[in-house]
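Working notes, structure below.
The values are calculated or read from the model by the stated rules, or taken from the named source; none is laboratory data. Remember, it's a predicted structure, so these values are computed and weren't measured experimentally. Please note: Cβ atoms are built from the backbone with ideal geometry, for glycine as well, and neighbour counts cover all protein chains shown.
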Amino acid sequence: MFSNYPKTVKLKDGRKVVIHPMEKTDGDKLKKYFDTLRPDDKLFMRDDVSNPAVVKKMIDDIDYEYTVPLVAVYEDEIVGVSSIHRNRHSWDSHVGHIRVSAAPKFQGTGLGYNLTREIFVIAQSMHIDIIIAEMPSVQTTAIKVFEKLGFQKAVTFKKHVKDKYGSYLDLVVMRVDVMEIMDNLLQTIREWEDKGG
């Protein structure tokens with residue numbers, strides 16, 4: 001599953017990051033990464049990443065069979081994280097749930113897009129057929145990124161989640177068929193190569 005890692009990726013601004021599966025030794029760097037995120041970036045995260053005990057549990061609970069977290073590293077610092085999660089024994093074990101975040105200084109560079117694309121590859125090796133992304137409707141930039149990757153809005157639940165201030169927000173659930181996306185990605189690569197890219 002991880003034979004292609006570590007992988008170096010060039011971003012829109014020319015900087016290069018190294019993407020690799022998160023390891024138990026990444027704990028201190030991961031905590032430092034979450035500390036760099038703005039309060040608004042943390043507001044809609046599923047876990048309270050401001051709590052060191054939560055971050056430690058994320059590291060301690062790494063289990064590549066059911067949860068695969070990837071990190072992007074620049075100059076020995078984690079600058080982005082993505083992960084795919086699936087239920088252990090369930091009728092939806094073929095469904096993965098994706099999470100993605102990027103450090104403020106790397107937002108808008110294509111890092112989130114690259115981390116998400118890597119998750120598609122991992123999902124295939126985990127025999128995941130469908131990927132689900134969930135986010136509050138106010139995260140319009142994230143919604144646009146996922147749409148660019150081929151995700152479609154499946155449903156919007158009105159006033160379904162609360163932010164840390166207790167305000168109700170609509171939850172947008174987006175989904176994508178992994179094989180369809182991989183077929184489209186391969187076609188794009190072929191077209192690019194045919195043009196001499």
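What to note about this one:
- Taken over the range 122-167, the criterion of being β-branched (V, I, T) and either touching a Leu at 6+ places or on another chain (Cβ under 9 Å) or over 23 Å from V81 (Cβ atoms) (or both) is satisfied by I122, V138, V155, T156, V161.
- Test result for K42, out of contact with any Lys or Arg (no Cβ under 9 Å at 6 or more places or on another chain) and either at pLDDT 85 or above or not hydrophobic (A, V, I, L, M, F, W, C) (or both): no
- Candidates K148, K159: the one that is in contact (Cβ under 8 Å) with a residue 12 or more places away in the chain and of a type in the set (K, R) is K148.
- Of all positions in the range 56-65, at least one carries a residue that is without any contact (Cβ under 8 Å) to a residue 12 or more places away in the chain and part of a helix (DSSP H, G or I).
- For the range 109-140, the set of residues classified as assigned to a loop (DSSP other than H, G, I, E, B) and within 27 Å of W91 (Cα to Cα) consists of M126, H127, I128, D129, listed by residue number.
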